[in-house]
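Asker: I'd like to ask you about the structure that follows.
Read-outs throughout are calculated quantities, based only on the coordinates presented, and are distinct from any laboratory measurement. What you are looking at is a predicted structure, and each value in this text was computed from that prediction instead of being measured. When we count neighbours, we look across all protein chains shown, and the Cβ atoms used for this are built from the backbone with ideal geometry, even at glycine.
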Amino acid sequence: MGDTPGRGAAGTKRHIGRRCTIRVLIAGGGCAGMAAALHLQRGLRERLRSGEVEITVVEPEAYFTYHPLLAEVAAGSIDPRHVVVPLRRVLPDCRVLTARITRIEHATRRAFADAAGPGEPPAPVELPYDLLVVAPGSVSRGAPVPGLAEHGRGFSTVGDAVSLRNHVLEQLDLASATRDPALRQAALTFVFVGAGYAGVGALAELEDMARTAVRDYHNVDVTDLRWVLAEATDRILAEESPELAEHTLRELRERGVDVRLGTTLASAADQVVALSDGSRFAARTLVWTAGVRPAPMLRDTDLPLDALGRVRCLATLQAVGPDGRALPGVWAAGDCAAVPDPNANGDPCAPNAQHAFAQAELLARNLVLALDAGPYAPGLAAYEPGPASCSTSLGIGRAVAHTRRGARITGRRAWWLHRARHLRRLPSAERRVRVLMDWVLGGVFSREVVSLGGVEYQRSGFEEGFEPGPGRPPGAGPEAPR
């Protein structure tokens, strides 16, 4: 097997007998990566099955997570398994590799990955390619705030959503059981930093869930709960229209949420939250949703990056080469791509799911065309975002949304639209049915408000069965076999 020069966008091809296989590597299986693979699979089905094209998707998890529904997972409205889609099931004609890409050398058209799980010895994998689709997405944008790394919680994965739900319910249990007023107050104080879609949606859904949960406690009332939302700018939901953002702000404050605009987190040391407005109070729950940044992996590549670490792109979703033209063989989409937004004076598109899905679809169409016509084909289309169709749930029966036609709606109508919109966008018919059934059953029965926090520490019960030996403190687990 050897590499020889090829035509068009492929550059090099792998020879199998007399046939050449074009190797497409997709780095990332999130919104953009999964959607690009799905559209390429449809557009290249015959070529994939004949062996003319080979698509490899590399993603650390074996599934795609539909992030817009994480808030409802945290609130218990949706089973966590139903917002994740197994990549191998929806991409049967692609090769899915569960690994983490560590480095990309486009000069030699090679990527390097680690297929080992957390805590395991490295398992390096070399991945030669002809065409590269860069879509590793983004990670939470941390900040050097004292105590944040030790006491803060993220909200970007299914694990984060489930863990936060369990934690909130455990704080209600703690507040009900303790006789220490300071501990009780800290347990019933929930602080969210960042008032974008993720922060507002998570806080509103969890606040709604907690209202239901406290009905079962004889000594905890809704008025005992303290919810604080801190936002560094002068408004919440920056990507939403000012009218809907103001409506959301009023509703949150009417529900007793302490929303502080123009306020940042100064410290979280020792579980004492200090805000930039001078206030200090104890809180056992601190959720950080203050934005995202491109995947750090991009720094270990020779790809063209902008000042924020995103792949610089043309409107055709091709990476920008040194001469300002398309860099042959490299495409990018989603949160990690700096794609010009014509509706924002050419500034890059905002990192959200709507852009990621739309860019992935266009990328697949352009890449299929470039396979035959080359990277400078005149027919490659430029990305033109459609009308924004954003929405966020604020709890059962409450939401804000605006339609593609510009209509702004609130309340139960917006809630139904929000659910219908995201149900339609789920990339699996099976998952759509499962989520729909979760919602139907949620309307028939009362909300489940049971913490399964013990699942996160599944060895604790096993370890308690062992007597502490010499030099082994209680709960240290069984001694190693001799």
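Asker: Projected onto the charge dipole of the chain (+1 at Lys/Arg Cβ, -1 at Asp/Glu Cβ, origin at the Cα centre), which of 441, 121, 314 gives the Cα projection farthest towards the positive end?
Answerer: The residue sitting most towards the positive pole is 314.
Asker: For residue 115 and residue 450, compute 0.36 nm times the residue count separating them, minus their Cα-Cα distance, and round to one decimal in nm. Write down the numbers at each step before the final one.
Answerer: Numbers: separation 335, 0.36 × 335 = 120.60 nm, distance 3.56 nm.
Gain on extension, residue 115 to residue 450, equals 117.0 nm.
Asker: Go ahead and estimate [θ] at 222 nm for the chain from helices alone: -39,500 (n - 2.57) per DSSP H run with n ≥ 4, summed, over the residue count, rounded to 500. Intermediate values should be presented prior to the final figure.
Answerer: Working: 13 runs with 145 residues, N = 482.
Taking each H run of at least 4 residues, the total per residue is -9000 deg cm²/dmol.
Asker: I would also like to ask the following. Please give the helix 197-213 orientation as an angle from the longest Cα principal axis of the chain, in degrees from 0 to 90, rounded to the nearest 10.
Answerer: Approximately 40 degrees, to the nearest 10.
Asker: Same structure, new question: Can you give the angle from 0 to 90° between the axis of helix 158-177 and the longest principal axis of the chain, with both taken from C-alpha atoms, to the nearest 10?
Answerer: Helix 158-177 sits at roughly 0 degrees to that axis.
Asker: Would you mind checking the tilt of helix 353-373 against the longest principal axis of the Cα atoms of the chain, expressed as 0 to 90 degrees and rounded to 10?
Answerer: Roughly 10 degrees, rounded to the nearest 10.
Asker: Can I ask one more? Roughly how many Å is it from the Cα centre of segment 161-230 to that of segment 85-125, as a whole number?
Answerer: 39
Asker: Using the beta-carbon distance between residue 429 and residue 377 and R0 = 35 Å, what value does 1/(1 + (r/R0)^6) give for FRET efficiency, to the nearest 0.05?
Answerer: Details: r = 34 Å, r/R0 = 0.97.
Step by step, r from the Cβ atoms, then E = 0.55.
Asker: Using a Förster distance of 60 angstrom, determine the FRET efficiency expected from the C-beta separation of residue 217 and residue 315, and round it to 0.05. All intermediate terms of the calculation are to be shown ahead of the outcome.
Answerer: Numbers: r = 55 Å, r/R0 = 0.92.
Plugging the Cβ-Cβ distance into 1/(1 + (r/R0)^6) gives 0.60.
Asker: Specify which residue in the list 204, 295, 181 is farthest towards the positive end of the charge dipole of segment 179-308, using unit charges on the beta carbon of Lys, Arg (+1) and Asp, Glu (-1), about the Cα centre.
Answerer: Ranked along the dipole, the leading option is 181.
Asker: Can you tell me which of 365-375, 406-416, 230-240 comes out highest on packing, and rank the rest after it, using the mean Cβ neighbours within 10 Å? Please report the intermediate quantities before stating the final value.
Answerer: On the way: 365-375: 19.4, 406-416: 15.2, 230-240: 17.7.
Top of the packing list down: 365-375, 230-240, 406-416.
Asker: How big is the convex hull of the Cα atoms of the chain, per residue, in Å³?
Answerer: Details: hull volume 88.8 nm³, N = 482.
Roughly 184 Å³ of hull volume per residue.
Asker: Describe numerically, in nm with one decimal, the distance between label points set 7 Å from Cα along Cα→Cβ at residue 143 and at residue 239.
Answerer: Going from the residue 143 label point to the residue 239 one covers 2.0 nm.
Asker: Just grab the label-to-label distance for residue 389 and residue 62, each label 7 Å out from Cα along the Cβ direction, in nm (one decimal).
Answerer: With each label placed 7 Å out from Cα toward Cβ, I get 3.3 nm.
Asker: What distance in nm separates the two pseudo spin-label positions at residue 246 and residue 344, each 7 Å out from Cα along the beta-carbon direction?
Answerer: 2.4
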